[in-house]
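Q: Dropping a structure here in structure tokens format, bear with me for questions.
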Amino acid sequence: WAVLDLGMKLRARSHLEVIQYAGGRWLGRIIDYVITFFLFGVFTAMAAGAGAIFAEQFQWPAILGGGMMIAITVFTVMLGLNGVITSISLVVPILLASVLGMAVWTIFDTGFLLNPVFRAVPAGSAVPFWPLSAVVYVSYNLVMAVAVLAPMGAKYQRPEVLKRGALIGGLGLGLGAVAIFLAMAPHLPAAGNYEIPMIFVAGTLSPFFQIVYSLVLLAEIYTTAVGSLFGFVARVSSAEGNRSRYFIIGAGIVAFLASQLGFTTLVRTLYPSVGYAGLLLLLGITYVYLVKERKPGNQPG
């Protein structure tokens, strides 16, 4: 909500205006560089993730999955912010419903309520200390979302709509995370050996559901890739301008080449780094709403 609100008040064209206001001149510049770099990194990781699904589930070349994901994402981002919002709005409810259904099925099918599995955490976690992992996860999600939330806030100049959307979105993300954990917990550590653990979990329910969930997950990877690429291009260019298509296509080509590093390698390195860097943004926004905006004459807009 804070990012949406600042985006509305500052009439933000990208995440830059919000970050500079929240972090100040020097810290804001550092956060801006970090977010811009990692937006491209997440776009690359999503291409690699699509390749992993193609290889693990359909036995098709991973390079084909990554290439198709990048091509579709590039086309969507060329449609501008409306195309980005539409694609996310259509896919996210389907993914959330699938994850919740899988969680409920797993809980009752495995006797989870009688014997919950909390001890079998895979070794070599990216962030081994779980309280820190929780904070880093929240931080990562905010860093990736700010690129879309900031210009979205400027588009919808109605505070009550932004508050309602932020509340529903936050609850939906939290509910989805809990559902993924409940579905995966009984299948650890075996699920941790797969690049896409939730597809392995879906396969324990039924082969048909595994295929369906693979398709749903591909759609969700697509929405993440779209949001990341849009945020990156919005920062380095005008995402809606005529020249933006060259930046979009160029980013797609470079991401395709970088995605050949593999999904697991990119996620293990990229995601925790984004989360740690995002703590600066969390502190900056907290400062804005607890201190800066309470001072007379400091309101943005």
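Q: Only one of (1) β-branched (Val, Ile, Thr); (2) at pLDDT 75 or above; (3) under 20 Å from the mean Cα position of the chain (by Cα) fails for Ile63. Which number is that?
A: (3)
Q: Is it the case that Pro197 is under 30 Å from Ala12 (Cα atoms) and more than 16 Å from the chain's Cα centre (by Cα)?
A: No: the conditions fail for Pro197.
Q: Looking only at the stretch 224-244, decide whether some residue is assigned to a helix (DSSP H, G or I), open to solvent by less than 60 Å² (accessible area, probe 1.4 Å) and over 27 Å from Leu79 (Cα atoms).
A: no
Q: A further question follows. Does at least one position in the stretch 87-105 carry a residue that is over 30 Å from Leu188 (Cα atoms) and open to solvent by less than 20 Å² (accessible area, probe 1.4 Å)?
A: yes
Q: Step by step: first the residues of the stretch 203-221, then only those that are crowded, with 16+ Cβ neighbours inside 10 Å and β-branched (Val, Ile, Thr), then the one that is nearest to Ala47 (Cα to Cα). Which residue is that?
A: Ile221
Q: Does Gly24 qualify as being over 18 Å from the mean Cα position of the chain (by Cα), open to solvent by less than 40 Å² (accessible area, probe 1.4 Å) and at positive phi? Steps first, answer last, please.
A: Working: over 18 Å from the mean Cα position of the chain (by Cα): yes; open to solvent by less than 40 Å² (accessible area, probe 1.4 Å): yes; at positive phi: yes.
Considered against the rule, which asks whether it is over 18 Å from the mean Cα position of the chain (by Cα), open to solvent by less than 40 Å² (accessible area, probe 1.4 Å) and at positive phi, Gly24 comes out as yes.
Q: Only one of Gly66, Gly51 is open to solvent by less than 10 Å² (accessible area, probe 1.4 Å), of a type outside the set (Phe, Trp, Tyr) and within 14 Å of Leu217 (Cβ to Cβ). Can you tell me which? I'd like the intermediate steps shown before the answer.
A: Values: Gly66 fails: within 14 Å of Leu217 (Cβ to Cβ).
On inspection, the qualifying residue turns out to be Gly51.
The values are calculated or read from the model by the stated rules, or taken from the named source; none is laboratory data. This structure is a prediction, so every number in the text was calculated from the model and none was measured. So basically every Cβ, Gly included, is an ideal-geometry build from the backbone, and we count neighbours across all protein chains shown. For accessibility, only protein heavy atoms count, side chains too; no ligands or nucleic acids. Shrake-Rupley method; radii C 1.70, N 1.55, O 1.52, S 1.80 Å.
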